Every structure is written in C-alpha cells, then in structure tokens.
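One structure is given below, encoded as structure tokens.
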Amino acid sequence: MCGITGYIGTDDTGSIVHQGLENLEYRGYDSAGIAIAGESLTIQKTEGEVGELSVPTHADGMVGIGHTRWSTHGEPTAPNAHPHTDCTESVAVVHNGIIENYEALKAELRDRHTFTSDTDTEVIPHLIETHLEDGVSLVTAVQRATRRLEGSYAIAVTAADHDGIVVAREDSPLLIGHGEAATYVGSDATAFIDHTNRVTYLKTGDIARLTDDDVTVYNDGARVQRDTQTLEWDADAAGKSGYNHYMLKEIHEQPRALRQAISGRINDFETGVDLDIDLTAEYLRAVEEIQIVACGTSYHAGLYAKELLETAADVRVTVTIASEYEFSGGRDPQETLVVAITQSGETADTLSALRDAIRSGARTLAVTNTLGSTVTREADETVFIRAGPEIGVAATKTFVSQVATVTLLAAHLGEARNVLSTQATRDLLAGVQELPGAVQQILDQEPTIKEAARTHADSEAFFYMGRQAGYPVALESALKLKEISYDHAEGFAAGELKHGPLALVTPDTPVVAVLTAESAAEKTLNNVKEVKARGAPVIGVTSDPSHTSSVDQMFDIPECGPLEPVVANVALQLFAYYVADEKDRPIDKPRNLAKSVTVE
Ligand code: M6R
C-alpha cells in the first residue's frame, strides 16, 4: 500500500503536501515524491523516507500532489518513486494499486514515448499525454486514459498550466477533503485531517476534477453527486501525544478504544446487544456455518472469534486466511454467513475472499475500523470496531477492539439462536464491560513488563504457546514481537510443542506461556515443565497466583473469564514493544511492511 495526498488552495502548497505525506508515511515508506504545478512542474523525489524529501519552497503553484511508496513494481529508488511524468514533464501522476496490463501498454507506447522507471504507473502520464495532444481538457484526457487501464488504481494527476487536480479511482480508496477555499485529496483521511474533517468518499469508477472551491465528480461519463460527511476523527487523535511511538500511544489508548467499541451497544439490564445490522433473528437461527476470512492480526482476532461464537451461539465456525479462501463445496450459501475482519477495510486478500463469497451467494458481514472503506461498500452489513485511527504498522488497539466487537456479535447470535440464557448473555456482556478496566490494570504494570523485556532482549528467539483462546493470543504476540523487533518469534498451540518446536528450545529462547483462565492452563503447565527441563526461561501470563512457582516470571492478569486472553495480549504487546525499543528498531515503520496491504 502507498499513500496519496494532494492540495489546491492559496496556502503554502509545498508544506501542506509534505505534511500530508508525513501523516501518511505509515502506508509505505521506502520512497516519496512531490509535484507542484504552476506554469511548469516542480518535482522532488527521494529514495527513503519522507523526512529525506525537502519541502519545496520555490515552487510557484497552488496545486500539489504527493506520494509515499511501498514498492511493488521496481525497487525503491528515486526514479521509481512517484510522481511519474510524461515525456514533456508537464503531466504528473501519483498512483496506488496495480496496473495489470502495463507491459502491453508500455510496448504500445514505447515507439513514441520514453520511459524512465520500472513501474507500472509510468504508463498513465504517457497515456494522458497522448490524449492531451488532441487538445482536450485534463479531466477528459484522464477519462480517456483510464479507459485503457486494467487493474486497481487511485490516481491524482496535475499538469502545468491546468488549474486543478484530477483524481480517479478503481477499487483503491480515495477521498476528497473540503476546506475553506481549499480542497484536499488523500488515500485516507489522515492525509489532510489536520485541515478538515469534511470528506467525500469517491466510488469505484469515479473521476473528479478538483479546484480550490469546487469538486465535480463523473462516473461513466455522466456527472454524479457524492455525499459529504463529517468524520469524528480529529488531528489530535492521529498525533503521537508525547509518546515516542504511535504504537505505544495506541497501546495506551486501548481502554478508551474498548469503551468506544462497546458504547451504546449494550441494551439496558445488560441483556441484549444492538449492533445496528440488518440480520434478522430468523436468518441468524437458520445459519449453519460462519466462515471468517482475514489476514495477519485480524486473522488472529478471527480465531478468537471462533472460540467465542462456537461457545455462545452453538454454530460451526471456520477461520480461513483470506488468501487461502475459496467458497468450498458441500456448503449451502443460503445457510452460510461470511464475516470479513479487516482493520483497514482495504486488504486485497480479504476483499478478494469477500468477493468470492458474494459470488457464491452467501450473506456477508464486515468487521472493520474504517468508515467508507471498500469492505463497507461491498459487504451486506458492517459493524465498526470504533478504535479510532491506528497509525503504527503493528496492530494493537484494533486487535482488542476487534475481539470486543466479536464478543458482542457472539452475544447477539447466542441470544437470537436461543443458545445463551439471559444470565449467560449478561455474564458475557459484563465481561466485555470490564475489559477497559482490566486493560488499564495491565498498562499500570508497564515498568515490570519493560524490565522483563530488557532482560530478554538479546535472546536468540522467542516462543509463545497457549490453548483455546490463548492460542490466537500466542500467535498474535509472536507476530507482534517479530514484526517490530526483527527477532525470530513463533507462536503455536501448546499441545504442538512436543510435535516439533521443542527441538528449538534452549536456555537462550524464552518461552511465553498463556496460562489464563479458560485456556486449559493446567495442560499448558505440563508444557511449561517440558521447556523448563530444556533450560528455557518461562514467562507466564495468568490470573492465577498458584502458577507463580511454575514459571520464572509472571505477568498478572485480572480475572475476566473468556476475555482474559485478550487482556494477556496487552501485556505481550508491551513486552514486544520494549524488546524492539531496547534494540532501537523503527517501531512504527518496520522494514518491508505497510499498514495495509492492497495487493494480493
Ligand atoms: O487491515 P487489515 O486488518 O485487513 O490488515 C491485515 C494485516 O495486514 C494486519 O493485521 C497486519 O498483520 C498487522 N498490521 C500486523 O501487526
């Protein structure tokens, strides 16, 4: 995934576009560039992070576009960085997505056009150049050029001597921000949230012309109206608020994020849930199977959801890594609900699985954090996790908010299917309501967890094991550690220890055991003995003080029933953070990763 920003207005264009790129850097950060359009184009590019890109100060234009890149086609070099231009260097294009037929287009254009990069994007300015030669407007040239493109794209285009920005989207997200005598464009709202929270989400197939005080949107050649809405996010929510890293700030935001996830959704007397979805009790009673599709951290939330849903709603649940999903035979789509869990709502693998489910005729439900994202437009129903903006590439608050939200879903299904008694529903919902306080208790133990992380930071590798809901937490905690510290970390179902991972256990490989209630802690304690016999230091995460003597170190978790493992995860987020911090890693922007992966 990459980031697009753009601005048209009378303020300092160079600084505004540069700031937009800094805000977007979490989307990709291996190269960046800016184009400012006036009588001519001024282009600056850099290999590396946005900080290495100087703010354009001598540009005379009031129109600017910028891009921060996560490479797919071509290495992260300055020539491959966007914006890309035509032969005359008067058309500049920034692009997210993939042009699938770029090789054929390049072959067709090569006779009359000179290409200077290895990217798929570069065909776009040359196609636009071809149409501008016919004397048409920039918006018409973009309309004609995009008709030739196959694949997914969000593009922003500007050109010397043209008084605006033209944008187009096909699948990849793009939205417009409306300011005072200023118009913004961004691949997400963080691009311009410092300036305005009034936005218009473009739909797939839309092409729009932006001036400082007007936006005209076309679809399929005809003018269309798109709604403007006001986002609840503000600039402060997207800042670091004094923390060294977004990740640490977002870990600390979890009690608030959880309160937002729950707020207004639990009815009086704690006996019902209102998720504002249009799935009738009759339909939910008829559902034979729930298929969850997701990637990465969201996949781990899906595994957690399976534990909760099967218990609370007595329904068969399968959880599939989205890139491996295919609506399989032997299933009746009418009796299958497909749930796509995705923080960004833009993950290509998850969207592809969702589309497969839609084609099969199954009902679909999205669980996401992102208003206006593609998943919300394509799924039949959406439940928002309401975690607020998450900038750190490592997902933290969105994982706990996903788990809290699917707990509400489990209670809703359990009630609708007459599985949960009123008392059982009440207990489950009381557990969700206790989550913010329980997470705060973990945050209060930060100094102890930090000390443990420092002690183990130089270890050769880390292992995490757990059972039942402790298993997805083991997977998630290992993912967190490996992605930000670059240490090898592996999570597995504790029962699998002796079927392979035990061969790697040594005195230099700490083992973290999730020993929370309802995660079959007694059995996992046998595995603890097995790793201790090989000399491995063991950290136990538990609410049961009687386990103290079995482990070398304890992280204490407050009791909260089936949600105890997700609270344990918060302790292990802090552990991962401080191991990475000790190694001085770029925690918010781990190498080779991006916040949302919009290519398959
Ligand atoms: O936006 P999504 O939830 O669909 O993203 C899926 C994964 O790319 C994501 O959860 C990733 O694994 C995390 N950022 C890792 O911390």
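Among residues other than residue 508 whose Cβ falls under 10 Å from its Cβ, what is the net charge (Lys/Arg +1, Asp/Glu -1)?
Summing Lys and Arg as +1 and Asp and Glu as -1 gives -2.
With a/c under 1.5 counting as rounded, go ahead and sort segment 246-443 into rounded, prolate or oblate using the C-alpha gyration tensor (a ≥ b ≥ c being the square roots of the eigenvalues; past the cut-off, prolate if a/b is larger than b/c, else oblate).
It is oblate, given that a/c is not under 1.5 and a/b is not larger than b/c.
Mind running the shape call on segment 446-582? Use the C-alpha gyration tensor, a ≥ b ≥ c as the square roots of the eigenvalues: rounded below 1.5 for a/c, prolate if a/b tops b/c, oblate otherwise.
Judged from the Cα gyration tensor, segment 446-582 comes out rounded (a/c under 1.5).
Counting other Cβ atoms within 10 Å of each Cβ, which GluC sites (Glu not before Pro) in segment 76-118 have at most 16 and sit in a DSSP loop?
Sparse-neighbourhood loop GluC sites (Glu not before Pro): 89, 100.
Kindly rank 511-521, 356-366 from highest to lowest mean number of other beta carbons found within 10 Å of each residue.
511-521, 356-366
With no solvent and one point on each alpha carbon, what is the Debye value of log10 I(q)/I(0) for the chain at q = 0.08 Å⁻¹?
-0.58
Over segment 246-443, average the accessible area per residue using a 1.4 Å probe and give it in Å², no decimals.
Value returned for segment 246-443: 35 Å² of accessible area per residue.
Counting only heavy atoms of the protein chains, get the accessible area per residue of segment 511-582 (1.4 Å probe) and round it to a whole Å² value.
That works out to 32 Å² per residue.
What is the distance in Å between the Cα centroid of segment 158-233 and that of segment 512-559?
53
Counting DSSP beta bridges in segment 178-323, what percent are antiparallel, to the nearest 5?
70
In whole angstrom, how far apart do the alpha carbon centroids of segment 444-488 and segment 141-157 sit?
Using only Cα atoms, the two centres lie 44 Å from each other.
Which shape class, rounded, prolate or oblate, goes with segment 41-123 when its Cα gyration tensor gives a ≥ b ≥ c as root eigenvalues, a/c under 1.5 marks rounded, and past that a/b bigger than b/c marks prolate?
oblate
Given contacts defined as C-alpha pairs under 8 Å and at least six residues apart, what's the relative contact order of the chain, whole-number percent?
Contact order relative to length: 12 percent.
Could you order peptides 536-545, 203-212 by the average number of other Cβ atoms within 10 Å of their residues, highest first?
536-545, 203-212
Ignoring ligands, DNA and RNA, what percent of the accessible area of the chain is carbon or sulfur (1.4 Å)?
43
Ranking request for peptides 408-417, 465-474, 495-504: highest mean number of other beta-carbon atoms within 10 Å first, then the rest in descending order.
The densest-packed peptide leads the list: 465-474, 408-417, 495-504.
List the GluC sites (Glu not before Pro) within segment 38-81 that DSSP assigns to loop and that have no more than 11 neighbouring Cβ atoms inside 10 Å.
Qualifying residues, ordered by number: 39.
Taking 8 Å as the Cα distance limit and 6 or more residues as the minimum spacing, I'd like the relative contact order of segment 53-160 as a percentage.
For segment 53-160, the relative contact order is 33 percent.
Mind computing the radius of gyration and Dmax over the alpha-carbon atoms of segment 314-371? Å is fine for both.
For segment 314-371, the Cα-based Rg and Dmax read 11.2, 34 Å.
To test your reading of the geometry: what angle, between 0 and 90 degrees and rounded to tens, separates the Cα axis of helix 13-24 from the longest principal axis of the chain?
That works out to roughly 20 degrees.
Over what distance in Å are the Cα centres of segment 269-338 and segment 393-429 separated?
When both Cα centres are located, 12 Å separates them.
Treating cross-link reach as a plain straight distance, find the aspartates and glutamates whose alpha-carbon is under 12 Å from the alpha-carbon of residue 529, omitting any fewer than eight places away in the same chain.
Result set, ordered by chain and number: 552.
Normalised by the number of residues in segment 502-576, what is the relative contact order in percent for Cα pairs under 8 Å and 6+ residues apart?
31
The values are calculated or read from the model by the stated rules, or taken from the named source; none is laboratory data. Worth saying up front: this structure is predicted, and the values here are computed from it rather than measured. As a convention, Cβ positions derive from the backbone with ideal geometry for all residues, glycine included, and neighbour counts pool all protein chains shown. Surface areas here come from the heavy atoms of the whole protein model, side chains and all, with no ligands, DNA or RNA. Shrake-Rupley method; radii C 1.70, N 1.55, O 1.52, S 1.80 Å.
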